[in-house]
Structure formats: structure tokens, C-alpha cells
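Asks: Here you go, one structure.
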């Protein structure tokens, strides 16, 4: 029962937050200097064409009226008039979403599969050579920007070795390099975080209690320490979702990945404000949904929250 | 020595130190004592006197490095624990040799149900299945008088009070019916009324299972209530040992005497007239590990100290079973402590 009300409360809390965020996005786009209609029709257009565009975009109406119709439109799935798609861009954004989601999910999966065990191993072998080696890797990965790593991966694995496709989406193998480029930094962050938290947990009293029961090292780590160490680690992964969204934009461009990030960069290049705004709204919705999932995971891992 | 009187535990010359940046510091110095089956031995002293380090040395739960056992033997279950490897120790811990800790709020794993935490040693040492061990865990919770044991076994530690958690710790430590239980300040973190309950449960289970108990405490009230014999430690040394009656009747070391004087009493002289009486205390603190004087370590705080105390006094037997390490043990409680002993 408390679990259900916990979830319901958080779902309800999303509504006012979403409302506020969408309002702020609207105001930011209104504050952008220059006339949207002029930018969209191009430099060679006549005044009549510009005026027609203003009417089409609703820019001739008072700002409050624009805001109200914008909000009503969003609720009904109408994101406005995009010059790229000559109409409502939402279906096109949603069509690109699976590619971006696939990239993000595989990056998270790789992070969990590599980052968490690396942190655990480093902590368990604290201050020995394997710890120093892993910590060295972590520092190196944190220092490397993802666009540089992406370009190097393309240069070596695709161009020189010819092992992997360099761009586009041609089956699962295409996912490997973009995933590596996107996940590298997150793997390093999570490994470092996990190591620190594990070191802290390993010093706690309950570990000594577990030893006093006769449990052995591996059992203590797996059965007792890991779960407690995962609580802050899940937080870090959740907080890094924003980074993944931003990072995926760059990585998608490098690998010509047919995702939302690639569409976003195109939209900026085309001065398609409606499309940019629509993508930002979709990102915000996605981010809030991810936060909801992360909070659900807390409940699963940390029993102390269930009765709070 | 025949089987009946052979001690459960015999510690001989135990010396434990820590390697630090300031060199090697000795926390437990040449400690010897033994413990018969079913007996309760209290180890008494202020914080920093080495009693917890001694207990953790016996359990071999000290981190090495920096801690290491520098000398002595710990005879238990036919072995010398001072020389035992980790595999041997983990086979003994929780099975024949158990420990409960001071802080019941942090000693349990916050993200594991208490039933499973009690069941773990049974699965590890008795080879019980998870189901059988969990069923036994509920019985143990019942034994430590936790109401609705079956439902409580499904709770996480944060749902329990300090006293309940300490009872869970006792249930866990005694699940495999060990020969020796070390209780390190088991009631210090608890309310006075809860303290009495927990001690009573501990005593009842000890009687039922026949375990020997080492009770580490600084609370002489607890000692008087539950101990058979007492070892008084100061700055890593055993300074006095006696059965509980003769220790309280006539302490032979000025440190023991000071500890007794500093216990508040309702009928203290001066109280009857409604006046406030300042509680006698032992001036000063236990010297840090790297600041211990040569000779008797109690000299800086001792009312009886003399030139002779620059030499470490040996343990001498004053009456059968009553040992003390003090050159002036005959004078203890005679002059300075008049009206109290």
C-alpha cells in the first residue's frame, strides 16, 4: 500500500513540474533575438511571404494568446508548424525516438556491466595494483571528450581495421561504437563512484558483524555490501541521464545515427524553431520519466524508504 | 587437567599492537586469563584500556595491517587462535565463537530482513536450507522474547528499537549455540530499563546453552549483576583479577578502587542531609598509546604512587584467585578511600 501511494504521489508531482518547465521553454524561445518568421523563410523572401509565415506561426497574435494556444496544442499532441516537415513535427520526432532510446539503453547497460564490477573489484583490492590500474583507466576515460573518442573509434575500428560500420544503422554491430563513445565517461564515473561507496560500506559495522558470523569475503561483498553500495550508485546513474541525452546528440552526429539528437542538430541548422522546441519538450518528458524510474529503483533497493 | 575443568578459553600472554606512522603501538600487553564452561568473565576498564582490542584479537577480527598479534597464545577448541588462518577462523566464528557489539543501530545490515540475518550463520555452519534456517531464526527471535517473532523476522532493522536490535544480535550470535560468546558493551547504547531486559535475556540463554561469556563493560553495576569473575584492565595491562565478591569486598588496585568510587550512589554520605556531593572521579585520562610511562601505567593518576612505581609491579596473588599488579595493594582503599570501601 505505501509503495502504491509513493508512486502515485510522484506521478502527480510531475504535472506541475512539467507545466512549469514547458512554460519556461516557451518563454526562452520568445526571448530568442531576431524574428522567427524572417529566419524561417530565408533572406530572399518578400515581405508578403514573411507576413504569411508570421500568420502561420501565430506570431501576429498577442503573446498571452500564443502561450495559451501553445499549451493547448501540446496537450493535444499538436507541437505547431515545423518548416522542415511542413506541419506538426511530433510524429517525426517520435519516429526518431527508438534509435536514441536504443543508444541510451545500451550505454546504460554497458555502464552497469563494466562500471559497477570495476568499482567493486577496485574497492575489494583497495590500494593494490589492480586498484591503481583501474583508477588510472577511470581518470583517462574521464579526461577524454566523447566526440574525440568517437572520432578515434571510427578512425581505428571502422576505417583502418574495417571491423565495424562507420556510420548509420546497419544492424546490431552499428550500435557498438556509438555506445562505447557515449558510455565511456559514464562508465568511468560509475566505477569511481562505486569504488568510493564500496570502500565506505566495507568499513561499516555490519560488515564486521557479517565476519563475526563466519561469512567469507565474497559472500559478504555480494550478499551484504553490494546492495547498500548500489543506493548512491543508482542516484549517480539517474543524474547522468541528462548527460546521456546531451551526449547522444553529439555522438549521433558523429556516427550519423538516425536518432532525435541528430534531428535536433538538423533543426538548429535549418532554423526550425518549432522542431527545436518540440524536441526539447520531448527530452524534458523523457527526463522526468527516467527520474520516476530511478525513484522506483530506490524503493526496490532501499527498504528504509518504503515506510518513509 | 581433566576434561571437566579444562577451560573453554585460555589466553596466555596475549600482546596486540598497531603499526602506525608513529611506530608500533602496543594496545594489549601480556594479557592472560581463562574461562570455564558456563562462566561469565567481565573485562572492565575505561575507554582506551584495550578491552575491545583484546576481544577482537580473540575473534581475529582486527584488520591486519595495521593491527597484529605480537605474541601469546589463545587456546580455544583445541587450537591456538593466535596462529589460526582466516579459513579456520571463519569456520569457528558464528559457530563456536560469537560476538555481539556495542552499537545495535549500525551492527545490522540495513537492507536485509532480520530473519535472514539470523539465518545466515545457520546456513553457513549447520548446512541448513534457507527455509529451515529461516524457521530456526523465528524460534531464536522467540527465545530473545521478541513478540510476534514470525512477523518481525520479515522486518528490516530500521523498523526496530535499539533494544530489539540488540536482541536480534543476541539471537544471531547464539543461533549456532557457540561455546563462547563475547559481548562488547552490549547494553551501553541502551536505556537503563532495556539494559536490564537485555542482560536478563543474555543470562537466561547462557544458562540454557551453557556458553561461556566474556562481558566487556565499563559499567560496574552490570558487572556486579552478571559476572562470576572480573578482569580489570588499564592501559593494555591486566591490573587486577578476582571473583566478583572479593573484588567488590576489597579491591587491591587503586584503579579498581577509583572505578568503584566513581559509581554514583543514592545513599552517599552527605546526601541524606540534602546536600549535593561531588562524585569522586579518577583525575586525568587513560594515556594515549604512544604516551605510556615506563613502569606502572597508572602512576600519573594514582594517589598512592611512589618512586618504586617506576618499575612495573608484577601480578601478585593476595588471596586465592585474587591477583593485583600494584606495589601498594595493601594500602588500597585504606587511606584515600576511607568511608567508601
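The values are calculated or read from the model by the stated rules, or taken from the named source; none is laboratory data. Every value quoted in this text rests on a predicted model; they were computed, and no experiment measured them. Neighbour counts run over all protein chains shown; Cβ positions are idealised from the backbone, glycine included.
Asks: Given the structure, is residue A:226 in contact (Cβ under 8 Å) with a residue 40 or more places away in the chain and more than 24 Å from the chain's Cα centre (by Cα)?
Replies: Yes, satisfied.
Asks: Among A:121, A:154, which is the only one that is in contact with a helix residue (DSSP H, G or I) (Cβ under 9 Å, 6 or more places away or on another chain), in contact (Cβ under 8 Å) with a residue 24 or more places away in the chain and assigned to a helix (DSSP H, G or I)?
Replies: Step by step, each of A:121, A:154 is checked, and only A:154 is in contact with a helix residue (DSSP H, G or I) (Cβ under 9 Å, 6 or more places away or on another chain), in contact (Cβ under 8 Å) with a residue 24 or more places away in the chain and assigned to a helix (DSSP H, G or I).
Asks: If you don't mind, there's one more thing I want to ask. Check whether at least one residue in segment A:90-104 is in contact with a helix residue (DSSP H, G or I) (Cβ under 7 Å, 6 or more places away or on another chain), more than 30 Å from residue A:187 (Cα to Cα), in contact (Cβ under 8 Å) with a residue 12 or more places away in the chain and in a loop (DSSP other than H, G, I, E, B), and report yes or no.
Replies: no
Asks: Go through B:87, B:171, B:149 for me and flag whichever is out of contact with any strand residue (DSSP E or B) (no Cβ under 7 Å at 6 or more places or on another chain), more than 22 Å from residue B:215 (Cα to Cα) and away from chain A (no Cβ under 11 Å).
Replies: From the options B:87, B:171, B:149, the qualifying one is B:149.
Asks: Among the listed residues B:304, B:247, identify the single one that is at pLDDT 75 or above and within 24 Å of residue B:33 (Cα to Cα).
Replies: Going through B:304, B:247 in turn, the sole match is B:247.
Asks: Going by the conditions given, is residue B:103 at the interface with chain A (Cβ under 8 Å from one of its Cβ atoms), modelled with pLDDT under 95 and under 21 Å from residue B:201 (Cβ atoms)?
Replies: yes
Asks: Taking the stated definitions as given, is residue A:256 crowded, with 23+ Cβ neighbours inside 10 Å, farther than 27 Å from residue A:294 by Cβ and either within 14 Å of another protein chain (Cβ to nearest Cβ) or touching a residue at least 24 places away in the same chain (Cβ under 8 Å) (or both)?
Replies: No; evaluated as a whole, the condition is false for this residue.
Asks: Taking the conditions exactly as written (more than 30 Å from residue B:106 (Cα to Cα), away from every other protein chain (no Cβ under 14 Å) and surrounded by fewer than 18 Cβ atoms within 10 Å (Cβ to Cβ)), does residue A:276 satisfy them or not?
Replies: Spelling it out, it is not the case that residue A:276 is more than 30 Å from residue B:106 (Cα to Cα), away from every other protein chain (no Cβ under 14 Å) and surrounded by fewer than 18 Cβ atoms within 10 Å (Cβ to Cβ).
Asks: Hey, can you tell me all the residues within segment B:62-77 that are closer than 14 Å to residue A:208 by Cα and touching a strand residue (DSSP E or B) at 6+ places or on another chain (Cβ under 8 Å)?
Replies: If the condition is that a residue be closer than 14 Å to residue A:208 by Cα and touching a strand residue (DSSP E or B) at 6+ places or on another chain (Cβ under 8 Å), then B:62 is the only one that fits.
Asks: Within the bounds of segment A:60-80, is there any residue that is surrounded by fewer than 12 Cβ atoms within 10 Å (Cβ to Cβ) and within 30 Å of residue A:229 (Cα to Cα)?
Replies: no
Asks: Shifting gears a bit: Just one of the numbered conditions (1) at pLDDT below 90; (2) more than 14 Å from chain B (Cβ to nearest Cβ); (3) surrounded by fewer than 24 Cβ atoms within 10 Å (Cβ to Cβ) is not true of residue A:177; which one?
Replies: (3) is the only condition that residue A:177 fails.
Asks: Follow-up question, since we're still on this one. Does segment B:75-94 contain any residue that is surrounded by 18 or more Cβ atoms within 10 Å (Cβ to Cβ), in a loop (DSSP other than H, G, I, E, B) and at pLDDT 90 or above?
Replies: yes
Asks: Can you pull out every residue in segment B:288-308 that is closer than 22 Å to residue B:23 by Cα and touching a helix residue (DSSP H, G or I) at 6+ places or on another chain (Cβ under 7 Å)?
Replies: Listed by number, the residues that qualify are B:293, B:294, B:295, B:296.
Asks: If you don't mind, another one. Out of segment B:156-168, which residues are surrounded by fewer than 18 Cβ atoms within 10 Å (Cβ to Cβ) and within 12 Å of chain A (Cβ to nearest Cβ)?
Replies: Matches in segment B:156-168: B:158, B:159.
Asks: Identify, please: which residue in segment B:37-61 is assigned to a loop (DSSP other than H, G, I, E, B) and touching a strand residue (DSSP E or B) at 6+ places or on another chain (Cβ under 7 Å) and is, among those, nearest to residue B:226 (Cα to Cα)?
Replies: B:39
Asks: Right, here's the next one. What are the residues in segment A:234-253 that are more than 18 Å from residue A:196 (Cβ to Cβ) and either within 14 Å of another protein chain (Cβ to nearest Cβ) or more than 14 Å from the chain's Cα centre (by Cα) (or both), if any?
Replies: Within segment A:234-253, just A:253 meets the criteria.
Asks: Looking at (1) crowded, with 17+ Cβ neighbours inside 10 Å; (2) closer than 30 Å to residue B:170 by Cβ, find the lone condition where residue A:216 falls short.
Replies: (1)
Asks: Before we move on, is residue A:191 touching a residue at least 60 places away in the same chain (Cβ under 8 Å) and more than 23 Å from residue B:137 (Cα to Cα)?
Replies: For residue A:191, the condition - touching a residue at least 60 places away in the same chain (Cβ under 8 Å) and more than 23 Å from residue B:137 (Cα to Cα) - is met.
Asks: If you don't mind, there's one more thing I want to ask. What tally of residues in segment A:211-233 results from selecting those that are within 19 Å of residue B:99 (Cβ to Cβ) and within 7 Å of another protein chain (Cβ to nearest Cβ)?
Replies: Residues in segment A:211-233 being within 19 Å of residue B:99 (Cβ to Cβ) and within 7 Å of another protein chain (Cβ to nearest Cβ): 7 in total.
Asks: Would you be able to say whether some residue in segment B:101-120 is free of Cβ contacts under 8 Å to residues at least 12 places away in the same chain and either within 22 Å of residue B:38 (Cα to Cα) or surrounded by fewer than 20 Cβ atoms within 10 Å (Cβ to Cβ) (or both)?
Replies: Yes, the conditions are met somewhere in segment B:101-120.
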